[in-house]
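Note sheet for the following structure.
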Amino acid sequence: MPQDPAERRVTVTGPPRRGPRASAYYRPRTEIDEQTTLGHTYVRSLMRTQLRAALGVFAVLALLIGPLPLLFAALPGARRLEWAVLGFALYAPLVLLARWYVRRAERNERDFVRLVEDR
């Protein structure tokens, strides 16, 4: 038996009646754009992580290349060894070190963007 049309339920959909919470309007991006203290802290943390990666690369580079003059001074008359080490043996570690640094810097920036955009 069909129900009486007056007794049927009607579902009305519409926009939510509650307003968005205050935290939904919080954007770290605006803090950075307006150069507030919090925005300055965000940018400073990015710069600190980038500096940490650069100093790590510099330390490895100093340990890799720094002792070479002592090695060359200890082996007098080994001109071919010097050119072989400087010309060929250092190339691969330098390329790998540069590649690691670029990947690390891009990951730091990606993490920073995710931090700023995901709130």
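The angle separating the long axis of helix 91-117 from the principal Cα axis of greatest extent in the chain is about 20 degrees. Each of Ile65 and Arg79 was given a label point 7 Å from its Cα along the Cα-to-Cβ line. The distance between the two points is 2.3 nm.
Between Arg48 and Glu34, 0.36 nm times their residue separation minus their Cα-Cα distance comes to what?
In short, 3.0 nm is gained.
Residues in the chain average 89 Å² of solvent-accessible surface per residue, probe 1.4 Å, ligands and nucleic acids excluded. Sorted largest first, the spans of the alpha carbon positions of segment 46-119 along the three principal axes are 63, 19, 9 Å.
As a fraction of the 1.4 Å probe accessible area of the chain, surface on carbon and sulfur atoms comes out at 61 percent. Considering only Arg17, Arg99, Arg48, the mean-square fluctuation computed in a Gaussian network model of the chain, springs between alpha carbons under 10 angstrom, is largest for Arg17. Pairing the Cα long axis of helix 37-65 with the longest principal axis of the chain, what angle in degrees results, from 0 to 90 and rounded to the nearest 10? With both axes taken from Cα atoms, the answer is about 30 degrees. Here the gap between Val12 and Arg110, fully extended at 0.36 nm per residue and compared with their Cα-Cα distance, gives a gain of 31.0 nm.
The values are calculated or read from the model by the stated rules, or taken from the named source; none is laboratory data. From a predicted model like this one, the values you see are computed outputs, not experimental measurements. Backbone-built Cβ (ideal geometry, glycine too); neighbour counts: all protein chains shown. For accessibility, only protein heavy atoms count, side chains too; no ligands or nucleic acids. Shrake-Rupley method; radii C 1.70, N 1.55, O 1.52, S 1.80 Å.
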